[in-house]
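Below is one structure, written out as structure tokens, with a few remarks after it.
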Amino acid sequence: MRRKALALVMLMGILAAACGGGSDSKNTAQTATTVSSKPDPNGEIRIAANEDQWPVNGTGAKATHFMYVYNVNVYEPLVYLASDYTLKPGLALRWELQPDGKTWRFFLRQGVKWHDGTPFTADDVVWSWGPRQNEGKTLSTVQGTLGSADAVKKIDDFTVDFTPTSPNLRLPEQIVHPEGAIVKNGTHNDTAPYSGTGPWKFVSYTPAQTAVFERNDNYWGEKPQFKKMSIRFYPDPQTRLEALKSGQADFVIDLPADATKALAADSNFKVVTSKPGRNHLLYVNKLEGRITNEKAVREAVAYSIDRKAYVDVVLDGNAEQGRWMAPQSVLGASANNVAQLTTDLARAKKVLDDAGWKVGSDGIRSKGDKRLKLILLGQQEVPESALVVIQSNLKAAGIDVEIKKTPDVATRNALYNSGKGDFDLDLEPPNQNDGNPAFLPVLRMSTRTATNIQFAPNGAPATPSGPAFEAEVDKSIAAKTTAEAQAASANMMKILSNDEYLVINLAGAYRIYGMSKNVSFTDPHPSFTNQTWGSLSIAAK
Amino acid sequence: MSTPEVTLRQAGDAFVPQGQPVLRRFVRDASAMAGLSIAVLALLAALLAPWLATRDPTATNFGSRFASPSRSHPMGTDNLGRDEFSRILHGARLSLGMAVAGTVGISVVGITLGLVAGMYGRLAETLIMRVADVFLALPTLILALVVVGLLGQGLRNLIITIVLVQWPGYARIVRGMTLKVRERDFVEAARAAGTSRLRIVARHVAPNLVGPVVVLSTLDMGRVLLAVSGLSFLGFGISPPTPEWGAMLADAKIYLDRAPQLLAWPGLSITTMVLAFNLAGDGLRDLLDPHTTDDGPGWQKGRRRRRARAHLSTT
Amino acid sequence: MARYFGRRLLVAVPTLLALSFLIFALVSSAPGDPSEELARRRTQDPKPAEIAEAKAELHLDRPFLTQYGLWLKGALTGDLGPSFAKKRPVVDEIKDRFGATVELAFAALLLVVVMAVPLGVLGAMFHRHWVDQGLRVWALLSASIPGFFFGYLLIIELATRLKLLPVAGRQGLPSLIMPAIVVAALPTAVISRLLRASLLEVFSDDYVRTARSKGLNSFQIVARHGLRNAAIPVVTYLGTVFGGLLEGVVITEIVFAWPGVGRLTVEAISQRDYPMIQAVVLMAGTIYLVVNLAVDMLYGVLDPRIRLEGRR
């Protein structure tokens, strides 16, 4: 019997040894070194991607179109959004607003061929933005941008007019979204044979496993630098990383932030990061009845947050401290109009003191019999560390935080749409996939579009913060130039972040790509949806 | 379904206590004693966690993340610089607490329904046992997933779920034992004398069930712990930052490369505790099992049935 | 014999019906409005008409029992409604994922058989020898280690450190090995110990003693007499083993990013994809029930006493 017990102990020891031995890497990230050997035009790149997000055929009910990164590589939009957030000609060479102030005329690229060899014409554009929707495919982009499926008219084979129901000066910026990519007349982009115009041709797809693409040698633009691209889906970030390290993948999308330093220090691998693209934002509920309805509390929250700690702990340094709601470049020269908030615990404490929140014996403040306790909502995908950093930051100012992880989107939506919302803070990392500078603040905060009314500056009728925000929304819609729209959007962000403390910018996270040393990648896009693979190449082995 | 029924009925037979002095045998069973000691020590540690823990398990220190074990941090620190040792200790409170609470809940519900089914006529019996059949027609983890998924995350819901999906097994066994006890002479005599049913239950039936249920619960503790930490691992457990082993393991998995020890501590904790419960349960069962002889080999006649039952549906 | 099987079948059908009702009722009683949920997944800001449309499509405008009836009818004809999250029929999505799970389950089952029988025999033949003790320790550990921990241990050792096997995903035979080991660990342990105990019992029977006295060695005895007789008690547990397999598959598919129905189940639950939850759980229940039925039959064939019991 004793022998058994001994054997048990030994086995436990072996188990412990098997998983011990890890320690923090002291190495710092290295910048990507250049590839010494030349790109191999016949090479294959095996990509480890996130969860398979390719929804296929409709259900008989209306199905939303698939929206995935290679959408802009198989099917193309009329206008591309470059990684610096400028607009670049795609299937349209140029575009101009007609004198009626409402119609946008697009002049199409000639000589472009579909993957099946047939020529691309205006009919394809009309179909894509028009009748296609009546076949049970709703494009939310089309609805939002044009307001109608009859808004697109063919002028000649290579000219089309987009006439939205109401004037939309942001239209060219909005149609960059891959959802609005052009499909061949009479076909859909969610059904075989997936014949597009883009640099990559569809080869095969196995749900939740692989998608394979091949270079389009007849591509009108800059041709891909390698022959074949096979994408494997690894929903778990850790297994994506392991796939790279074990040599099963050459290129990893969305590398876990914590792994970058060690990987960059390994001479067999490289890490490439984009400019900040995912902005980690803390939304503050301002509905009446919430403690955060009080501006002093919101201000204290904004100044208690230690953005540096957030960047270091949650993203392991792979981010800039939060300042804007969207990528900086989307605001152009106006970006500087939004101030960077810095940690100022003294100010946070003073604001609360002045507002009558007195520190109790346990370090938590209260006013009368009301305790300063906030409920922090975190969606399933939000890492625990992010929630805990906020919690521990706020505690230093005497604010108690209860973390509530919502298991699913439905629960969160229910909380949002109840109009009550039993929470005070919501942490969500959104994306700006649109070229329209005002896209994100308008989507989330304007009373005219927001379903999540609790964050809108003018949302709660009892506590209007003035019409300032909606006025900026109007300005951004009416702006004749992108610069004007950028200015308006910057003002919106200023109101939200600097004046009202409704959006607290935590971090602007880089998109992180890991790759083996023989892969080169120079143009990472802050918005993953708009990523193209023209700058990707692999050296001959 | 007949399979579990046959199994459990046999199990019920074996559970009729013998009353012979066998404590000495248990003490001599080294692995059972080891299991029991570990279980008792861990439960004690969990109870005393606030005093034993060297640090506040939720106190962060962003300056010393992923620290290696040292005198001040016996198990090192985690990704937020929290003391891993204190988190494991406090995690025991929750993990083991839920296992205990779940097991107690299952026992109470299972015994009550089993007794009712066994003592009170055909209608109650049919109703309870048919419902139990339906519940048993689903693998427990899958049922638990659905229930907890729909109820939403949280401590209370997790325990409700565990009770809801596991009571049928208990109810069945208790009913079987009740029927057995009912057939005994003294119960027959009591009934003939016109003693009320409630009295019979309280006087004769219930006391006879105590022993077997204790064994069953000990054995099940491991199983419930596995179920609870499994659900917690899948994200249906408690909200952060409260430490809980399953959730700690889930949080650590993204640091698999950088700090595999963060995965190992909660993983080893769960494994050790399940092992301890299983060993102790085995030993305890031997006490009450007429088939097991002192010098018998590990897995004999009576043992194998319940070991299979107890282990098979673990995750 | 036929009567015994008939009775088993007669019990299974109402159980399955009740199970389907339980599943339907459970999911229907979940908080929230599925029709609004469905509409919201189609358009960002659904209008009342769109919500009503979704409601009609999900039959939520009908009385509860009618809803159940329609769902059951759909289930029988292979239509379990639209998946909220996947934007396609539930049945299609399950079809896509089913192969992966079957592959994993069979690989695990194969491992169980290949491992459990020799280990069980070994344990019995080396009764009380250190081999037997070692096997006991191994079985206990297998029964105590959570699948999600064991899985990561394998990944750390075999994939990251030794680079022998792919980390995760489904990409041919090598990627199947680790998940299959994790799923198979517990059933292998249990069955091998059961078989060992069962064999020991057989060894002590008179006819085996006779055989032994005739000069047959242990191996011959096991081969000629042991396995068949020892199989009967083991078969009793196959149904439960299968249940364990189904559960093991869920956790394992999560750990190894295996694109099967287990993953789908967890995804569906965390996305509150109601039709999908109903479908996958109904499927799991049905399979479990059918397997148990088959085990019953097998048991009946192997052990005539059980058939007689059916005649009572």
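Each peptide in A:432-438, B:132-138 was scored by the mean count of other Cβ atoms within 10 Å over its residues; highest first, the order is A:432-438, B:132-138. The ellipsoid that matches the Cα gyration tensor of the stretch A:112-262 has semi-axes, each √(5λ) in whole angstrom, of 35, 20, 14, with the longest given first. The Cα trace of the stretch A:231-321 gives Rg and Dmax of 18.4, 56 Å, the first to one decimal, the second as a whole number. Residue by residue along A:230-238, Cβ atoms of other protein chains within 10 Å of the local Cβ number 5 on average.
Applying 1/(1 + (r/R0)^6) with R0 = 56 Å to the Cβ-Cβ distance of A:SER361 and B:ALA30 gives a FRET efficiency near 0.65. Every helix of 4 or more DSSP H residues in chain C counts as -39500 (n - 2.57), and over all residues that averages to -25000 deg cm²/dmol at 222 nm.
Calculate the FRET efficiency for B:ALA193 and B:LEU123 from the Cβ-Cβ distance with a Förster distance of 22 Å, rounded to the nearest 0.05. In this case the efficiency is close to 0.30. Just to check, using Stokes-Einstein with a Kirkwood Rh over alpha carbon pairs, what's the diffusion coefficient of the stretch C:89-136 at 37 °C and 0.692 mPa s in µm²/s? Once the numbers are plugged in, D ends up at 251 µm²/s.
Just need the Rg to Rh number for the stretch C:1-157, please, alpha carbons only, Kirkwood Rh.
That ratio is 1.16, to two decimals.
Loop-located GluC sites (Glu not before Pro) across the stretch A:170-255 with a Cβ neighbour count of 16 or fewer within 10 Å are A:GLU222, with loop assigned by DSSP. Label separation (A:ASP354 vs A:LEU97): 4.2 nm, computed from points 7 Å beyond Cα along the C-beta direction. Straight-distance candidates among the aspartates and glutamates for linking to C:LYS47, with alpha-carbon spacing under 14 Å and chain neighbours fewer than 8 residues away dropped: C:GLU36, C:GLU37.
P(r) tail, the stretch C:2-76: Cα-Cα pairs separated by more than 18 Å, 53% of all pairs. Taking every alpha-carbon pair within chain C, the share separated by more than 32 Å comes to 44 percent. Rounded, prolate or oblate: which fits the stretch A:184-251, taking a ≥ b ≥ c as square roots of the Cα gyration tensor eigenvalues, rounded meaning a/c under 1.5, else prolate when a/b beats b/c? Note, shape of the stretch A:184-251 comes out oblate.
Shown in residue order for the stretch A:80-92 are the 3J(HN,Hα) couplings computed by the Karplus curve 6.51 cos²θ - 1.76 cosθ + 1.60 at θ = phi - 60°: 8, 9, 6, 5, 9, 6, 9, 8, 10, x, x, 6, 9 Hz (x for Gly and Pro). Cβ-to-Cβ counts within 10 Å put A:ARG448, C:ARG8 in ascending order as A:ARG448, C:ARG8, the fewest first.
Within straight-line reach of A:LYS480, meaning a Cα separation under 25 Å, sit the following lysines at least 8 residues removed in sequence or on another chain: A:LYS88, A:LYS102, A:LYS153, A:LYS154, A:LYS494. Peptide A:254-260 is shielded by partner chain Cβ atoms: per residue, an average of 3 of them sit within 10 Å of its Cβ. Our coupling estimate for the stretch A:518-533, obtained by passing each phi through the Karplus curve with A = 6.51, B = -1.76, C = 1.60 and θ = phi - 60°, is 8, 9, 10, 8, 10, 10, x, 9, x, 9, 5, 4, 9, 5, 10, 10 Hz, Gly and Pro reported as x.
Determine the shielding of peptide B:236-243 by partner chains: average, over its residues, the number of Cβ atoms on other chains within 10 angstrom of each Cβ. Don't jump to the answer; show the numbers that get you there.
On the way: counts 5, 1, 2, 9, 11, 8, 1, 0.
The mean count of partner-chain Cβ atoms within 10 Å per residue comes to 5.
The alpha-carbon of A:LYS113 sits under 17 angstrom from the alpha-carbons of these lysines, leaving out residues fewer than 8 places away in its chain: A:LYS184, A:LYS201, A:LYS223.
Just so you know, all these numbers are worked out from the coordinates, no wet-lab data involved. This one's a predicted model, so the numbers in the text were calculated from it and none came from an experiment. Cβ: placed from backbone, ideal geometry, glycine included. Neighbour counts: every protein chain shown.
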